[in-house]
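Here, each number is a calculation from the coordinates, and none is a lab measurement. Just so you know, these numbers come straight off a predicted model, no measurement behind them. Ideal geometry is used to build each Cβ from the backbone, glycine not excepted, and the neighbour counts take in all protein chains shown.
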Amino acid sequence: MCSFGFIYEELMTDYKDQKATKLSLLKFNNVSVRTFWITSIAFFLCFFAWFGIVPFMPDVVRDLGLTPDQKWNSIILAVSGTVFARLLIGKLCDKYGPRLCYTWLLMLGSLPVILIGFVQTPIQFLICRLFIGFIGASFVITQVHTTLMFASSIVGTANATSAGWGNLGGGANRLGMPIIAAAVVSFGIANEANAWRYSMIIAGVICFAMGIIYYFFTTDTPKGNFRELKANGDMPKAKKDQVGFKEVLKDYRVWILFLVYAACFGIELTVYGTMDDYLQNTFQLSRSMAGNIVLSFALMNIFARTLGGALGDKFGRLKGLRGRVLFLVLILAVEGIVLCAFSSITYLPLAIVFLIAFSLSVQMAEGATFSVVPFINKKAIGSISGIVGAGGNVGAFLAAMLLKSKSAIAEKTAILINTGESQEVINAAQASASSAAVSSGFLIIGIAIICTSILALTIKFSLDAENKVVKDVSGLQVSN
C-alpha cells in the first residue's frame, strides 16, 4: 500500500500544468495526455462490455428460449437505459467532477455485466441489458474529462479521438469476446453452451478493476480535483452550477445538437445493429461474411472520428465558431445523402463502397459535433455533453423502432401470402420482405438526417464568444 501511494504521489507531481495545446500521444508525463489514454481505455472497456453479449446472441436465444420480440426488445432496452444515464451523468460531472463519476460508473456498471452471466429467464436477461446500457454514459464523462484537459485549439481533435477509440470497443468485442469464450472452454472452466456467461463475468470484473485505476491515476483538471479547487475558491459553488444548468435547458443550440447527435451516433448504432441481417437478406451473404463487413465498418472509428474533430478544429481556426458549425452541417448532409443512396443499391461491390462512405461520414459527423459542444457554455460542459450524448441514444431508439415496425409488418405479410409453400420458399420471401422494408427505412432516415443538417445552420454564437476564441487561439500561438 505504501509503494502504491508513492507511485500515486509521483504521478501527481505535474498536475499544476495547464491545458495541453497538442495531442502528443507519447508524452505520458503530461497529465492531459495521461488522462486522455486512461479515459479512452475506460471508454473502450465500457463499450466492450455494453455490446459484449451481441456475438453470443444465438447462444443466448437457445439457452434462455428468447422469442424474436424479446430479442428485439433486448436491443432497444440496451440503448434506452443509456438515455437516462447520460442525462444524469452530465450534471453529476459538473458537480462532482469526471474522476469520481467515472470511478462509480465503472464499478457500479460492472455489476449488471457480471450478473447477466447468472440469468436464468428472459425477464432477468432483459433487466440486465437495460442496466448494462447505463455504462454507455461513459461517453459523456470521456468528453467532459478530455475537454477539461485540452485547450480550445485542439479540443475537437482530442474529444473525437478519445470517443472514436472508445467506440472501437463496440466492434472489438466481436473478436475479443469469442476469444475469451474459447479460452474459458480450453481451460475446462466451461463448455461451449455456457461460455458466454463466463465471458460476460470476466468483462464485468475488468470494468470494476478499471474503476479503481481511474480513481487513483487521474484528476479532474490539470490543476487538481473539483473538491480541492472549490475549497480554494477556484471554481463556482453548486448554486451557480444549478443556474448554469437552467441556462443550458433554455439554450436552443443544445437541443439542435441533441438532434444532430441523434442523426449521427444514433444512426451509427442502429445501422451497426441491423446491418448484418440486411446484408444477408439483400445480398445473400453468409453470416460470417456479413459480420466481417460490419466489423470493418466499426473499425473505422480508429481514424474517422478523429478526422471529423480535426477538421472541425481546422475550420474553427479559419472561420471561427461559425466555421465549426458549417463543417458540421456539411458532413452531416453528406452522411444523409450517402445513406439515401445506399438504401437503393443492390450491387454488392457498389454497396460496400457506399457503406464505407457512410461509415466515414457518420463518424466524422460525431467528431464534428463534439468540436462544437465545448463552446456552447463552458460553465456547464458536463450538462451539455450529457444532453447531447443522450440524443444519440434517442436517435438509436427511434430508428430501431422504425426499422423493427416496418420489418415486422413486411415479414408477417410475406409469411401470410406464402402460407402452404415450402419452408424454403417462406424463408426466402421473408428475407426479401425484410430487405425491402429496411431499405425503405434507411431512405426515410437518410432524408431525416439531411433535414437535421439544414436545421443545424441555425446554430449561432455571439460576437463576444467568437472574439474570446480568437483571443485564446492567438494567446496559444504566442506562447508556443
Tail weight of P(r) past 22 Å, computed on alpha-carbon pairs of the range 332-480, percent: 58
query: Under a Cβ-Cβ cut-off of 12 Å, what is the net charge of the residues other than residue 386 that fall near it, where Lys and Arg count +1 and Asp and Glu count -1?
result: +2
message: With a cut-off of 8 Å between alpha carbons and a minimum separation of six or more residues, what is the relative contact order of the range 236-470 in percent?
response: 35
task: Taking the Cα atoms of the range 236-470, report the difference between the largest and smallest coordinate on each principal axis, in whole Å and largest first.
output: 70, 35, 27
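To make sure I understand, if each residue's beta carbon is the centre and we count other beta carbons within 10 Å, what order do 335, 247 fall in, fewest to most?
247, 335
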Sum of -39500 (n - 2.57) over DSSP H runs of 4+, divided by residues of the chain (222 nm, nearest 500): -27000 deg cm²/dmol
query: What is the helix-to-structure angle for 2-11, meaning the angle in degrees between its Cα long axis and the longest Cα principal axis of the chain, kept from 0 to 90 and rounded to the nearest 10?
result: 80
- line: Taking only the alpha-carbon atoms of the range 375-422, the convex hull volume per residue, in cubic angstrom, is 63
message: Please arrange 464, 94 by how many other C-beta atoms lie within 10 Å of their C-beta, fewest to most.
response: 464, 94
- request: Output ³J(HN,Hα) for the range 141-155: one whole-Hz value per residue in order, computed from phi by the Karplus curve 6.51 cos²θ - 1.76 cosθ + 1.60 with θ = phi - 60°, and x for Gly and Pro.
  value: 5, 4, 5, 5, 5, 5, 4, 6, 9, 10, 5, 4, 6, 10, 5
- request: Starting from the exponent 0.38 and prefactor 2.2 Å, build the expected Rg for the chain from its residue count and divide its actual Cα Rg by it.
  value: 0.99
query: What percent do you get for the relative contact order of the range 31-232 when only Cα pairs under 8 Å and 6+ apart count?
result: 40
field: Using θ = phi - 60° and Karplus 6.51 cos²θ - 1.76 cosθ + 1.60, couplings along the range 328-342 (whole Hz; Gly, Pro as x)
entry: 4, 4, 4, 6, 5, 5, 4, 4, x, 4, 5, 5, 4, 5, 4
query: Counting pairs of alpha carbon atoms under 8 Å apart in space and at least six apart in sequence, what relative contact order in percent does the chain give?
result: 23
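Ranked by Cβ crowding within 10 angstrom, fewest neighbours first, how are 347, 96 ordered?
The most exposed by this proxy come first: 347, 96.
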task: Would you mind checking which residues have amide H under 5 Å from residue 153's amide H? H placed 1.01 Å from N; only 5 or more apart, or other chain.
output: none
message: What are the ³J(HN,Hα) couplings of the range 97-110, residue after residue, when phi is run through the Karplus curve with 6.51, -1.76, 1.60 and θ = phi - 60°? Round to Hz, x for glycine and proline.
response: x, x, 4, 5, 5, 5, 4, 5, 5, 5, 6, 6, x, 5
message: Can you give the log10 of the normalised intensity I(q)/I(0) at q = 0.08, 0.13, 0.14, 0.15 Å⁻¹, computed with Debye over equal Cα scatterers of the range 31-232?
response: -0.28, -0.69, -0.78, -0.87
